[in-house]
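Okay, so here's the structure we're looking at.
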Amino acid sequence: MARGGAGGDDGGRTVVSALRRRHRGRAFAVHCFLERRDARRVQTTAVLTTASGAGVTASMRRLWNPFHAVEVTMSFSIQFPVRFAEVDWARVVYFARYFDFAHRCFEDFFNVHAGISYVAVLDAKNVGFPIVHSEGQHFAPLKLGDTVRVVMDVVKLSRRSVTSRFTLYRGESDVKVAIITLKQAAIDTAKFVGTEFPDDIYALFEKQLVSA
């Protein structure tokens, strides 16, 4: 893995250009570029923080020929410290808290990508996102005082539901501690019946859609 500054290679500049198009009018700081190579592809990733403090990870995967850009994907992420109220007697995060961490990331996603709070989405759009299916895989503990980083990707999307994968890491390391998967339906909050996502909300999810 190679690291570089904000003046990275063509892949890095392409990633930043894509970010500027998506976050037009919003401030963000690019911290570094990470580059991974294998036999067929090179992946350039920009790690950045928005003005609100939320993190966005943007990646461009391309073939070795730099003129054949094949995919640009953007993952949303947040990070925060583990608090005393979130651990159990053993001073590790209680398992149910991982679902709370995932939903916290889902809520903050709207602040960054929609520019409005999650509460405003519920009130102004009259749309809710109840969880109809959830799964959790746990690989390593988080302890009191650790920093948790939550990365959100949409893995399945229809007009009436969205399935998101939340990968939790210990700080900036590659130590994966859990994967939480949430399927959320769209409901009309005034009538409490199923509905379709508004076009702008659907478009936000669509931009996060990746291969499962």
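Laboratory data are not the source of any read-out in this text; all were calculated from the coordinates shown. Predicted, not measured: the structure shown is a model, and the values here were computed from it. Every residue, glycine among them, receives a Cβ derived from its backbone with ideal geometry; neighbour counts consider all protein chains shown.
Results for (1) in a strand (DSSP E or B); (2) farther than 19 Å from residue 77 by Cβ; (3) among the small types (Gly, Ala, Ser), shown as yes or no for each residue.
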site	(1), (2), (3)
99	no, no, no
109	no, no, no
116	no, yes, no
120	no, yes, yes
132	yes, yes, no
155	yes, no, no
168	yes, no, no
177	yes, no, no
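With respect to the conditions (1) buried (at least 20 other Cβ atoms within 10 Å of the Cβ); (2) more than 19 Å from residue 92 (Cα to Cα), residue 194 falls short on a single one, namely (1).
The residues of the range 188-211 that are in a loop (DSSP other than H, G, I, E, B), of a type in the set (A, V, I, L, M, F, W, C) and farther than 16 Å from residue 158 by Cβ, listed by number, are 190, 192.
Evaluation of residue 196 against the conditions (1) in contact (Cβ under 8 Å) with a residue 40 or more places away in the chain; (2) touching a Lys or Arg at 6+ places or on another chain (Cβ under 8 Å); (3) charged (D, E, K, R) shows that the sole unmet condition is (1).
Exactly one residue out of 188, 108 is acidic (Asp, Glu) and crowded, with 17+ Cβ neighbours inside 10 Å, and it is 108.
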